[in-house]
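Have a look at the structure below before the remarks.
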Amino acid sequence: MQFFHELGSLVEQSWRDEDYCEEVFPELAEQAMTKMIPYGKVDPWEIIRWVNTTTQLPEQQDVAGRFGNPPITLFNGPRFYIDVYYWLDGSTSIHQHAFCGAFHVLLGSSLHSKYSFEEKRKVNAHLSTGRISLNSVELLKEGDTRQILPGKGYIHSLFHLDRPSVSVTIRSRSMPDATPQYDYHKPYLAKNAFFESPATIKRVQCAELLLSMKHPKADELIAELLSCADFQTTFAIIEVTRNHLTRDVVERTFGVARGQERFDALLDIARRRHGDLVDIILPVIDEVQRQLNIYHRRGHITSNEHRFFLALLLNVPDRKLLLDLVKQRFPSNDPVDTVINWVEELAATRPLGGAEKNVLGIEDLDDDYLFVFQGMLEGLSSEEIKEAASREFPPEELRRLESRVQELYHSIRHSLLFKSLFFDSSGVAQQGVMAGAGRETT
């Protein structure tokens, strides 16, 4: 398209004048999009029409569509290219880049989160442990442009709020001194996003086979593997065994803990080999399950406000910061009331073709639940919530509610959806885990 040919030519000339210095490229790319401003000049659906009709499509950089739904290359220069990414329900992982440049919001909006990573131990060239910390969150709207910096100095994620969202990216080709390109798995793990070990993959597949068919020697064979496995393989095997052994609906229904006992025994074998390093595995797996739960629920939701709420639950591990962002987007409303209204609306929405009572997957979401949840959003303890109830409810209703407050408080605090808002990130347990994650083991 002519617009992107002109944009690419502007960037090419400016960067060539700087001898293709990567350090200045993010600023040059940002300046070019600030000068030409794709938003308001480019119709994203005209791009689709052009792709369907042109006889000279530029060489596509991401043919498989790993990043975007779809990604389309619009300009192909000798040292950089320009892509447009369409997003429906996709969101990026927490990641860094092995390239640099800038991106521009052409359509929709996004929640943009920036992180830092304090490395505690480098396990190998493809895996490190440490602490991932959220530094900032901002709402990006149409017309906004941001630089992309290479390496660990720019760790971020994007949650696309509108369906669809479209972004334009000017990006350099891979920079050798910025590799490998890590993905970050909260709260403790950094992993090379493009490294795959065929041996580890096959061992995980074998464990899946043994567990799925309930082989009588499954535990024995997996224990043999864990007794000699490297940490990366150990992590993958522990994740598979936990998913199989601790999520048995029948066992939970009848109060049987056999699966948990089997899993604990395998975890002990891993700990004997890798020491305290194993303690980071379960928190990372728990966070993965929390994120997958939210992604699943987003698939049933089309309202932009409700998608914004899920984006906050996914990315903002802090009650006060979440409420601040709600206030920022809806300044005329009380943020606690806004959140409660969203929860009420979602509680009344049943997933199409699903067995769950509502799209949040919360069975006991009634007026009592909402009263306790509101108190928790306001920062009240369970006792303070009981005191608030005594001022608002007649005696017969108060007795019923008081008997449920502690149970509901605990349920909300540990729920997949809401626990990140009420978890003390400076707690003793986390500090203990990370003290171990930084030590060498024998």
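A compact table of results
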item	result
Selected residue (criterion: nearest to His244 (Cα to Cα)) from residues of segment 286-317 that are touching an Asp or Glu at 6+ places or on another chain (Cβ under 9 Å) and surrounded by fewer than 18 Cβ atoms within 10 Å (Cβ to Cβ)	Val288
Looking only at segment 213-259, and only at residues there that are out of contact with any helix residue (DSSP H, G or I) (no Cβ under 9 Å at 6 or more places or on another chain) and aliphatic (A, V, I, L, M), the one that is modelled with the highest pLDDT	Met213
Residue satisfying all of: in segment 1-41; β-branched (Val, Ile, Thr) and more than 15 Å from Arg173 (Cα to Cα); surrounded by the fewest Cβ atoms within 10 Å (Cβ to Cβ) among these	Thr34
Any hit, segment 187-208, residues being part of a strand (DSSP E or B), in contact with a strand residue (DSSP E or B) (Cβ under 6 Å, 6 or more places away or on another chain), more than 30 Å from Ile48 (Cα to Cα) and of a type in the set (Ser, Thr, Tyr)	no
Tabulated pairs, segment 271-284, first assigned by TED's automatic domain parsing to the domain that holds Phe231, second in a helix (DSSP H, G or I) and of a type in the set (Val, Ile, Thr), C-beta under 7 angstrom, 6+ apart or interchain	Arg271/Val278; His274/Thr234; Asp279/Val433; Ile280/Val433; Ile281/Ile238; Pro283/Val433
Single residue of Val105, Val84 found to be farther than 30 Å from Pro317 by Cα, of a type in the set (A, V, I, L, M) and buried (at least 21 other Cβ atoms within 10 Å of the Cβ)	Val84
Qualifying helices (runs of 4 or more DSSP H) (wholly inside segment 354-427; at least 2 residues being without any contact (Cβ under 8 Å) to a residue 40 or more places away in the chain)	367-377, 382-392, 395-413
Residues located in segment 263-303, provided they are polar (S, T, N, Q) and under 18 Å from the mean Cα position of the chain (by Cα)	Gln289, Gln291, Asn293
Hits in segment 205-222 (condition: farther than 25 Å from Tyr188 by Cα and among the small types (Gly, Ala, Ser))	Ser212, Ala218
Matching option when the condition is in the same structural domain as Thr179 (by TED's automatic domain parsing), acidic (Asp, Glu) and in a loop (DSSP other than H, G, I, E, B), among Glu23, Glu46, Glu59	Glu59
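The values are calculated or read from the model by the stated rules, or taken from the named source; none is laboratory data. For clarity, every value in this text was computed on a predicted model and none was experimentally measured. Here the Cβ is made from the backbone with ideal geometry for all residues, glycine too, and neighbour counts use every protein chain on show.
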